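Taking it in order: structure first as structure tokens, then the write-up.
The values are calculated or read from the model by the stated rules, or taken from the named source; none is laboratory data. The structure presented is a predicted model; accordingly, all values stated were derived computationally and were not measured. No Cβ is skipped: glycine too gets one built from the backbone with ideal geometry, and neighbour counts run over all protein chains shown.
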Amino acid sequence: MVYYNHPNWQGNLYRNNPFNGYQWQGTEYPFFSQQSYNPYLMQPFQSQGYSYQPYQWGQQQYDPYTSYQWDASQSYWPEQQYNPFALGQQNPAIFNGEYESNTYDWRQGWSGWEDLGAPGRGFIGSPASASWQANRIDSFVRSRNNQMWHKWWDGAEWSRWEDLGSPQGGLRSSPAAVSWGPNRIDTFVRAGRNTMWHKWWDGAGWSRWEDLGAPRPGFVGKPGVASWQSNRLDCFVQGRDNNLWHKWWDGSRWSGWENLGAPRGGLNGSPSAVSWGANRIDCFVRGRNNQMWHKWWDGRRWNEWENLGSPQGGFEGSVGVSSWAQNRIDCFVRGRNNRMWHKWWDGRRWNEWENLGSPQGGIRSSPSAVSWGLNRIDCFARGRNDGMWHKWFT
């Protein structure tokens, strides 16, 4: 059978999920070979006798947004639907951010807002979130004394806040976070002399802070980060020249900084990034026209900037983004009305912006988003009380 291999994907399950019965061993995913991967030289993956070719399932194009359930015993998609975003024959009609009453409102799958508190006297900026296995979430914030604090969900309850310190001089931005494998978390901040700093959890303990420098013009705001396979990290920042700059870890060393340009007029906010498959990266920024812009790496090249618009009234800050399946992207922003707005790619098209509301008093930061499984999204934002608020879809 010829099929596509996302680093975390197996059929309709996440393969790096210990709840699926797989055991994590060493520093590599058990189903990857030991060969090196260079994203700028597209190579077929070879592992356990399979040849992985993007997008192909048997002889059919894989499209998770057609909502079919994968049957591992077959080489096709049987006609069984599992995607709540395509229930029945109706698609929600949205007018001014609200649904008409005679359409299916899939927002019934969204929880209410949950107040998770804050370290000490609260925090500033926006939260970051990552997940390294099913039903696991790790969240990070910048406290008012410019330290990085950590709070996690272990599958049963939320922990207390943990102080992870800071580089000398303290944080100068909100953190970013990502996981490339079970029991692994990588965090990034702007600190010190406005360079990018890195701190990671390796399954046994937290590392010291590592200074990764800055692009030649320097940078502002917070980093964005994504990972598309084991031991791979792609970091993005807004340079002082208002271009998007890129630095990556290839499993053995850090690259230099790469200038990816900008939409006309330049960036007007920190970038965000996500990966939904091997050798795939999607980046999102707010442009000078206060629209959301999209640029993506498809395994061979960086594509041109795409304007995805904005919710009614525009939005502030950066984009929160997550992916719960191949060819699926969910984006979240803080609207100028201090509500959280959602726009998603369903494998065929971008859907219209929808208003997901806010805790009482509105949200005061850009949201972050993470997915730990199919049809699951967890969002976090700073509320009016300077606590971290949580809303999830399942």
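Here are the numbers:
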| item | result |
| --- | --- |
| Segment 289-312 - residue that is among the charged types (D, E, K, R) and free of Cβ contacts under 8 Å to residues at least 40 places away in the same chain and, of those, farthest from Lys247 (Cα to Cα) | Glu306 |
| Residue in segment 186-197 that is buried (at least 20 other Cβ atoms within 10 Å of the Cβ) and part of a loop (DSSP other than H, G, I, E, B) present | no |
| Some residue of segment 335-342 being under 18 Å from the mean Cα position of the chain (by Cα) and in contact (Cβ under 8 Å) with a residue 60 or more places away in the chain | yes |
| Counted residues, segment 147-186 - those being among the polar types (S, T, N, Q) and over 28 Å from Gly269 (Cα atoms) | 2 |
| Selected residue (only one of Gly251, Gly203, Gly192 is farther than 25 Å from Arg336 by Cβ and at pLDDT below 95) | Gly192 |
| Residues that are more than 18 Å from Phe140 (Cβ to Cβ) and surrounded by fewer than 20 Cβ atoms within 10 Å (Cβ to Cβ), drawn from segment 204-224 | Ala204, Asp211, Gly213, Arg216, Pro217, Gly218, Val220 |
| Residues (buried (at least 17 other Cβ atoms within 10 Å of the Cβ) and assigned to a strand (DSSP E or B)) located in segment 108-123 | Trp110, Phe123 |
